[in-house]
Structure formats: C-alpha cells, structure tokens
1. Find all pairs meeting these conditions: Cβ atoms under 7 angstrom apart; at least six residues apart or on different chains; first residue within the stretch 51-76 and at positive phi; second residue more than 10 Å from the ligand (Cβ to nearest atom) and part of a helix (DSSP H, G or I).
2. What number of residues within the stretch 15-44 satisfy the criterion of being in contact with a strand residue (DSSP E or B) (Cβ under 7 Å, 6 or more places away or on another chain) and away from the ligand (no atom under 16 Å from the Cβ)?
3. Hey, among Leu68, Leu61, Leu53, which residue is more than 12 Å from the ligand (Cβ to nearest atom), closer than 21 Å to Val116 by Cβ, among the aliphatic types (A, V, I, L, M) and assigned by TED's automatic domain parsing to the domain that holds Leu121?
4. So, in the stretch 71-100, of the ones that are in a helix (DSSP H, G or I) and away from the ligand (no atom under 16 Å from the Cβ), which residue ends up nearest to Ala126 (Cα to Cα)?
5. For the structure I just gave you, tell me whether Val165 is closer than 22 Å to Glu223 by Cβ and surrounded by fewer than 19 Cβ atoms within 10 Å (Cβ to Cβ).
6. Among the residues of the stretch 37-56, which ones are surrounded by 18 or more Cβ atoms within 10 Å (Cβ to Cβ), outside any loop (DSSP other than H, G, I, E, B) and in contact with a Lys or Arg (Cβ under 9 Å, 6 or more places away or on another chain)?
Amino acid sequence: MIDARADINPPTITAKVLVVEDEPPLAELLRYNLEAAGYTVQHAHSGEEAEVLVSEEPPDLVLLDWMLPETSGLEFCRRLRASSETRHLPIIMLTARGEESDRIRGLSIGADDYVVKPFSLPELMARVKALLRRASPERIAEELVAGEIRLDRAAHKVTRGGREVRLGPTEFRLLEFFMQSPGRVLSRSQLLDGVWGRDAFVDERTVDVHIGRLRRALIRGREKDPIRTVRGAGYVFGERST
Ligand code: CA
C-alpha cells in the first residue's frame, strides 16, 4: 500500500481556483500568489480550455479575464451561468477596461465581482477570499465543526467533545474531506480522488482500511459513529441531507 502524500501536511485551504488568462506572465503571477495562499490552482489560456477543465471537475472559484483569444470572458461567463452545474460558481472578472458600463455588463451577465487591471494583488486576494467565504465557507474555514467533532486545519488537530482525537495524516485528510460535504454520500472513488489524489496508486479497499482507522479513533465508548456505510454506494458523514 502506497500513500505518497502521507508525509505532507494538508493545506489550511482546500479551495480550487481556475485562472482563465491568456497572458502568461499575469497567469503565472496569479498562480504563484494563489498557491502561496494555499489554494490549488488550475490554469486555462482560453475559454475553450477552461470549459474542458470545468466539465471535468468544477473549481470553487474562477478568475476570468475579459479579453481572451477566442471566446471572450464575457461569453464564457454567460455559458457558465447557463449551465445548471455551474450556475452558482463564483466568478471574478479581470479586465483592463475600467468603464462603468463594462463593469455593469460584467455583473449583469452573472460575474460575482470585477477587478480592473492593473489591480493590487492583496486586494484581489481579499476579494477571492471574501467570495469563497460567501460561496463555500467550508473550503476556507480554519475550523470545521460537525456536532461535537471539531477539526482545526491550522493547528492540525481534531477533538470530539473536547477530547483530543489522534489521527494519522491520511485519516485527518479523510475526516476533513468528509466534513466538507456533510450528509453527502461519497463513493470510494470520490474519496480516493479527494484524499489521495487522482494519480495515486491506491486500491479502493484502502479507503475502507482508513475509514476503519478513522472510526476507531473517533469513537469512544457509546459515542455515535459519525460515518455511515451506504451499501453499494460509499460512505456518508453526519446527518443525511435529504
Ligand atoms: Ca487577456
């Protein structure tokens, strides 16, 4: 059994940002700063490329340049809003245009926010964080809470009812992943992708092994098992949402 990431601490932020920008230096600058802030970054040079990435796995936020080679940022934004999958995907438009009418156009077709180039990086980063805080707070929260279970990302610590729960790095990431989607049934392959990464050479049974360890660490005495096995489907953490 190989767990390639076992020695790496999880980031305090798990949000994924897609940068759609055709100017390489600016794309690089954005990537560098976003990664330094703990985000996972994907980059597309065009709307077409971005569309493929989004359909594979929607990001948590899109930084979208207005002026792109083929499909304009505006048109791409419109397409994202037209699809039920991405209707609520947070979008910040980047543009050299500072005209009030453009700003209104961008916002009217569904961009959540709008930043004019050249922008200040701290300001952009603050807007990214503010938008994520509204749209998917569990992705940037320093602490995840589910009933009496608390997971502190920054301190890398888990407690249940005030008692410290000691977890290995994989069990920690597994719990973190569960706590980001409480009430949702997660299949073994979703857990593999989310916790071990898509490229990991890990058997699906490995998931069961680590869930067993996580349960044993979390449950003392008559405490309730927070993880439910859904036969033929996977696992669900916490209360059912449906
Ligand atoms: Ca451009």
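1. none
2. Here the count works out to 9.
3. Leu61
4. Out of the qualifying residues, it is Glu100.
5. no
6. Once the filter is applied, which keeps residues that are surrounded by 18 or more Cβ atoms within 10 Å (Cβ to Cβ), outside any loop (DSSP other than H, G, I, E, B) and in contact with a Lys or Arg (Cβ under 9 Å, 6 or more places away or on another chain), the stretch 37-56 yields Val41, Gln42, His43, Gly47, Glu51.
The values are calculated or read from the model by the stated rules, or taken from the named source; none is laboratory data. Here the structure is a predicted model, which means the values were calculated and not measured. So basically every Cβ, Gly included, is an ideal-geometry build from the backbone, and we count neighbours across all protein chains shown.
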